[in-house]
1. Applying the selection to segment 91-121, what residues are assigned to a loop (DSSP other than H, G, I, E, B) and surrounded by fewer than 22 Cβ atoms within 10 Å (Cβ to Cβ)?
2. Sort through Gln372, Gln348 and tell me the only one that's surrounded by 14 or more Cβ atoms within 10 Å (Cβ to Cβ) and modelled with pLDDT of 85 or more.
3. Can you tell me which of (1) under 30 Å from His238 (Cβ atoms); (2) modelled with pLDDT under 95 is the one Ile140 doesn't meet?
4. Cβ-Cβ under 7 Å, sequence separation 6+ or interchain: first residue in segment 91-102 and in contact (Cβ under 8 Å) with a residue 40 or more places away in the chain and at positive phi, partner surrounded by 12 or more Cβ atoms within 10 Å (Cβ to Cβ) and β-branched (Val, Ile, Thr). Which pairs?
5. For segment 64-90, which residues satisfy the criterion of being among the charged types (D, E, K, R), at pLDDT 95 or above and crowded, with 17+ Cβ neighbours inside 10 Å?
6. Taking segment 12-27, which residues are of a type in the set (Val, Ile, Thr) and surrounded by fewer than 18 Cβ atoms within 10 Å (Cβ to Cβ)?
7. Suppose we keep only residues that are open to solvent by less than 30 Å² (accessible area, probe 1.4 Å) and out of contact with any Phe, Trp or Tyr (no Cβ under 7 Å at 6 or more places or on another chain) within segment 165-183. Which one would you say is farthest from Ile204 (Cα to Cα)?
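The values are calculated or read from the model by the stated rules, or taken from the named source; none is laboratory data. Source: prediction; values computed, not measured. Glycine also receives a Cβ, built like all others from the backbone with ideal geometry; neighbour counts cover every protein chain displayed. The protein model used for the area step is the full one, side chains on, heavy atoms only, and it has no ligands, DNA or RNA in it. Shrake-Rupley method; radii C 1.70, N 1.55, O 1.52, S 1.80 Å.
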Amino acid sequence: MELDKMDENDWKYHGEGNKSLVVSHVQLSRVLRLLKYPAEDSENPPQTVEQAFRQIQNIVDFSSNVMSSLLGDKFIHSGEVVKLPLEFVRQLSIKVQHQRPAWRCDKVMDIYSGCALCLPNLTSPVLHQPTHTPPLCIEIKPKCGFLPSSKHVSKDIKTKVCRFCMHQHYKVANGKWKRPSLYCPLDLFSGNRQRMHFAIRHLIEEPQNNFKIFKGGQCIYSSKEVSDDSMDLNCLLHHLRPYFLYGNNRINSHTTSKAVLNDFITVLVNALLSGGGGGGDGEVVTDSRGEGRSFCEASLFNKERIRPGSQGLPSDSVLFRIRQTQMLDTLDVEGLYPLYRRVEQHLQDFPKERGTVWSPASLPVCVRTRLQMEGPYNEAFLEKLQKCPTEDDGSVEYAVAKVHQYRVAMTAKDCSIMVALVPGSEEEEDDEGIPTQRRLRDFLSSRPPALSYSVSILDLDPKPFDSIPSQLRLDQKIVSCYLRTGGALPKGSLPPHSGIFTAAEREDCTLLFHPM
């Protein structure tokens with residue numbers, strides 16, 4: 001990109017989260033991520049240009065120096081900070097405003113700093129040769145994949161029902177969603193193909209903000225509060241069928257709807273269990289804490305259905321690396337909060353030890369401080385959390401290390417996985433631009449075109465130190481809500497979807513008797 005020749009007409013609205021808005025280039029496989037802040041601050045930006053630059057640089061440093069080391073650099077795209085022309089940013093803000101969801105417009109795009117994060121567009125991977133069938137990209141937000149075992153957990157239910165399943169009841173009770181998702185992260189992280197298939201099936205049936213499908217960079221399947229199952233099913237099948245024309249389950253040369261969906265899920269499971277090229281899959285690692293702790297009592301999966309076989313994740317798989325990083329949270333937020341208070345009291349006594357100090361010059365100057373609560377996110381930060389003592393010696397250094405571990409774990413609990421499926425020919429060379437790429441041939445008894453795939457991890461921002469008290473309060477509300485209702489859904493909520501897979505089976509039955 002030539003930054004001095006930026007044209008807002010070359011960019012389109014891509015999506016947004018709570019803290020940033022993303023636009024994608026109409027031709028290049030690039031996205032720009034721009035900061036947001038409350039609409040009431042639109043006339044008076046809440047931070048300087050230097051602070052905005054450092055905020056984005058912190059995201060890059062945290063991803064490249066910390067999360068990349070823990071998760072594996074083959075999965076990570078850290079990007080780079082760019083300084084954009086202010087007039088381009090202002091015109092871009094005007095252009096995308098009408099495309100934004102109304103409920104997101106309580107915040108506005110930063111049009112004053114010109115700072116942005118430039119990243120590859122993972123929904124539209126770069127291809128060596130264009131094909132008639134565009135890439136298919138699946139974004140999954142897996143959430144926390146284990147049950148806490150900390151002695152600090154005050155409610156026994158937290159060791160039996162996972163956070164995601166309890167949070168679903170809280171969200172439905174508070175009107176965030178009209179119906180619950182039956183997805184359970186522990187099934188996805190189990191490494192058992194049956195349970196993983198079951199988990200992805202429920203992500204498809206009730207995506208919420210945990211599952212999206214992109215085709216050629218365009219979102220074709222995501223959450224819809226009010227939807228007709230059959231319409232969603234027909235639309236999804238219309239998009240998926242060209243990728244899965246060669247399965248075994250065909251009726252008069254027509255791949256059945258159920259087979260298309262099952263083949264699609266099988267591809268995803270294979271990608272999520274894959275490693276990083278070279279010498280094949282890593283060693284399968286089972287849950288060392290015991291079989292009982294790998295099941296959530298709220299999951300609808302029937303344990304008796306599990307066939308004999310491996311129950312664990314390959315050590316080089318994306319799910320294994322994510323869960324290992326999540327498990328840096330050894331204390332649970334209940335056990336961490338007293339350590340947070342220890343650090344907070346120390347910072348009140350010695351405020352200069354909080355993190356990064358700024359000079360009044362136009363460019364940021366990092367001054368290393370002892371605690372690094374707000375950066376810099378460098379090798380010293382990583383060393384602090386990796387060399388944390390096992391026992392609390394009462395020091396502020398121990399508390400800081402545990403807080404660092406918790407913040408990193410929270411980032412891993414809130415990250416997203418992007419699986420890109422790229423159609424190609426038998427003769428096509430592997431695309432070196434796509435990491436962890438493997439050929440998906442013949443495990444579906446298929447024929448060309450083969451599917452190459454890549455696996456990436458995104459949404460790896462550092463979680464703010466000051467957010468820990470609110471995280472504790474939310475945890476208490478979620479648990480209280482679940483205990484108060486006994487796990488039952490509140491009155492007025494919609495029941496879970498009857499299932500697009502059931503609808504697919506009905507459609508296939510109809511096809512059986514369709515006159516030729």
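1. So the first thing to find is which residues in segment 91-121 are assigned to a loop (DSSP other than H, G, I, E, B), and the list is 98-101, 105-106, 110-114, 121.
Answer for segment 91-121, where residues must be assigned to a loop (DSSP other than H, G, I, E, B) and surrounded by fewer than 22 Cβ atoms within 10 Å (Cβ to Cβ): His98, Gln99, Arg100, Pro101, Cys105, Asp106, Ile111, Tyr112, Gly114, Asn121.
2. Values: Gln348 fails: surrounded by 14 or more Cβ atoms within 10 Å (Cβ to Cβ).
Within the list Gln372, Gln348, the selection yields Gln372.
3. The single condition Ile140 does not satisfy is (2).
4. Pairs found: none.
5. If the condition is that a residue be among the charged types (D, E, K, R), at pLDDT 95 or above and crowded, with 17+ Cβ neighbours inside 10 Å, then no residue fits.
6. First, pick out the residues of segment 12-27 that are of a type in the set (Val, Ile, Thr): 22-23, 26.
Selection gives Val26 alone.
7. As a first pass, look at segment 165-183 and keep what is open to solvent by less than 30 Å² (accessible area, probe 1.4 Å): 165-166, 168-169, 172, 177, 180-181, 183.
Going one step further and asking which of them are out of contact with any Phe, Trp or Tyr (no Cβ under 7 Å at 6 or more places or on another chain), we end up with 165, 168, 172, 177, 180-181, 183.
Working: Cys165: 16, Gln168: 16, Val172: 18, Trp177: 16, Pro180: 13, Ser181: 10, Tyr183: 9 Å.
That would be Val172.
A quick yes/no check of all residues on (1) within 15 Å of the chain's Cα centre (by Cα); (2) at pLDDT 90 or above:
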residue	(1), (2)
Val172	no, yes
Arg179	no, no
His197	no, yes
Leu203	yes, yes
Lys212	yes, yes
Gly216	no, no
